[in-house]
Each structure stands twice: as structure tokens, then as C-alpha cells.
Amino acid sequence: PLDHLKKAGYEIDFVTGTGALPFPDGVSMDDKYKDPPLGRPVTSPEMAKRGKEQNWEEVFKGRISLEEWFEVRPYLSQDNYVGALENYYGNRDKSWEKIEEYDALLLVGGSGPVVDMVNNPRLHDLILGFYYADKPIAAECYTVTCLAFARELDTRTSILKNRHCTGHTMEYDYTSGWGILANGAPLTFNSPPFALEYILRDAVHPEGQFHGNVGRRTSVILDYPFITSRSVASSSLCGEVLVKALDENLRRYGW
């Protein structure tokens, strides 16, 4: 997606949860590694070479810390809960002013989001800010879960309710050997810690629809403002659709 955005003339700011430097998983730079559910490599030799030669500190130079933008909502157990909650909502409104200069939000996928994005309340508030501003929100792979979980405490209803979306299906999920790097060390779950397809099917009820597109090489769904892509194989198409949503007012794609 970054290649498509840059080609279209968009400038990009990077955000991480704490401002820490993000890093790629080893298999993302291994064009010989076969994805078990697909039975084939999913990283091209060109992307593997690019990843190995990349200066990641330079790429993510000037990155934003989400901790500096948003507070975490207060605990019910703390003193003066109502007052603290009022401050939280007031400060969230001020934080949302920071996104007025931006055109869209891209949530970069893969397996890593399971650790520090999927249930990150600060990220949920960032998503809600773009959602209320009616700006495109693109989510890849496991970051689609962030859209399912982003919701207000008042209603606790997903912003994906009655929407069309795509995401990892059961057919594309690992059943063994699934792991990620967490704080530099391997963390093995064997199978993913949750079935994303089931989460999304429940989140879009009653009038929405989950589209798995099993057997098709790519799966990208645009139901404005949401652009969801099934996995890294759909990354390029996700970027194309995002640019069309920004430049050509595209509001529906893939269903």
C-alpha cells in the first residue's frame, strides 16, 4: 500500500504503540518459506531482498507514539471515576483534532497485530476518530480485528455492524506452528489465538456480510469508509483500492 500511496503523491506518517521501532518477522524476508495453509511462498524474492537491505530506522524516522496522542480510559475502580471519564472524553476530542490534517488511516497487517494492535484501546480511539471524520480506514490481515473491536462504551456495538468485509478464513488459518515475535522473542500459539472469521461474521450482523473469497488469490472489500483485505497476498490490491477511494471517490468494491 505504501508504494501505491507514494506514487499517488501522498505523504506518510508512521505510528507505533509506544514509539518503538517496528521490525519485520523473519519469514517476511524469506522467499523460500512456504505458508502452510497455502502450500506456497507468500514473499517474493524482490520483497525479501528489499526487506533485508532496508534501513528500518530511516524508514520509520519521526514516527509518532500512540501513547503521546491518546490516554487510556480510566478504570471503574479508581477514585472519582466519573470525573476521570469526563477528562478522558475531553482529551480524546482534543487528540482527534490532530488527525484533521490526515486523509486516511492504514492499519498494516500480518501476525504481529495480534500482540499490540488488536485490543489496543488507544488504537481503537484513533480508529474511531477517523471513522467519525468519515475518512477511509484500510485494514490488512489481522488488523481487521481492530475494526471489529473498535466501539464506544455506551453501546459496545462494533463499527462493522451491517457492513461488508473480508478477513482470514478458517481455510487460511494455521492449525499448528503459528508463532510471532514478541519483544524480540518467539511466541508460539500453534494455531492463532482467535478465529478471525468467526469474530467478523458476528461483528457484521445482522445485515452485513463476511466475504472469505476462498480459492481466490486476493480478497479486498471496500464498504466505505472501510477497506479490508484478507492477508498479505492482498496488500497491493488494498493499496490500489485505498488510492481510488481517496482520488476517485470509490465507495464500493469487491461485493
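The values are calculated or read from the model by the stated rules, or taken from the named source; none is laboratory data. The shown structure was predicted, so the numbers you read here are calculated from the model rather than taken from an experiment. Virtual Cβ from ideal backbone geometry, glycine too; neighbours counted across all protein chains shown. The protein model used for the area step is the full one, side chains on, heavy atoms only, and it has no ligands, DNA or RNA in it. Shrake-Rupley method; radii C 1.70, N 1.55, O 1.52, S 1.80 Å.
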| remark: Note: segment 58-166, point scatterers on Cα, Debye, no solvent; log10 I/I(0) at q = 0.17, 0.18, 0.23 Å⁻¹ equals -0.89, -0.99, -1.48
| Projected onto the charge dipole of the chain (+1 at Lys/Arg Cβ, -1 at Asp/Glu Cβ, origin at the Cα centre), which of 55, 23, 254 gives the Cα projection farthest towards the positive end? | 254
| query | Bin by bin, in steps of 10 Å, what percent of the Cα pairs in segment 54-104 do you find, going until the bin that has the longest distance? | reply | 21, 35, 25, 14, 4
| request: With the full set of protein chains in place, find how many percent of the accessible area of the chain is carbon and sulfur; take the probe as 1.4 Å. | output: 48 percent
| Over the chain: helical MRE at 222 nm, DSSP H runs n ≥ 4 each giving -39500 (n - 2.57), nearest 500 | -8500 deg cm²/dmol
| 23 Å Cα-Cα reach of residue 61 towards lysines, excluding residues that sit fewer than 8 places from it in its own chain | 6, 7, 49, 52, 98
| Accessible area (Å², per residue) of segment 127-253, counting only protein heavy atoms and a probe of 1.4 Å | 44 Å²
| query | Can you list the HN-Hα couplings for segment 50-59, worked out from phi with the Karplus curve (6.51, -1.76, 1.60; θ = phi - 60°), rounded to whole Hz and with x for Gly and Pro? | reply | 4, x, 5, 8, 6, 8, 5, 5, 6, 4
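Roughly speaking, what % of Cα-Cα pairs in segment 148-255 are separated by over 19 Å, rounded to a whole number?
Numbers: 3029 of 5778 pairs.
Percentage above 19 Å: 52.
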| said: Just to confirm the filter: which GluC sites (Glu not before Pro) across segment 118-187 are DSSP coil and have at most 15 other Cβ within 10 angstrom of their Cβ? | reply: 152
| query | Order of 224-237, 55-68, 30-43 by packing, highest average Cβ count within 10 Å first? | reply | 224-237, 30-43, 55-68
| task | Send over the semi-axes of the chain's equivalent ellipsoid, whole angstrom and largest first, taken as the square roots of 5 times the C-alpha gyration tensor eigenvalues. | result | 28, 21, 20
| note | Beyond 24 Å, the calculated P(r) of segment 1-97 holds a percent of Cα-Cα pairs equal to 50 percent
| message | I'd like the FRET efficiency for residue 176 and residue 40, computed as 1/(1 + (r/R0)^6) with the beta carbon distance as r and R0 of 22 Å, rounded to 0.05. | response | 0.80
| field | Net +/- balance of residues flanking residue 62 in space, Cβ distance below 14 Å, scoring K and R +1, D and E -1 | value | -3
| remark: For the pair residue 64 and residue 32, the simple spin-label estimate (label points 7 Å beyond Cα toward Cβ) gives in nm 4.1 nm
| message | I need the peptides 196-203, 182-189 ranked by packing, meaning the mean over residues of other C-beta atoms within 10 angstrom, with the highest value on top. | response | 196-203, 182-189
| task | Express the relative contact order of the chain as a whole percentage, based on alpha carbon pairs under 8 Å and six or more residues apart in sequence. | result | 18 percent
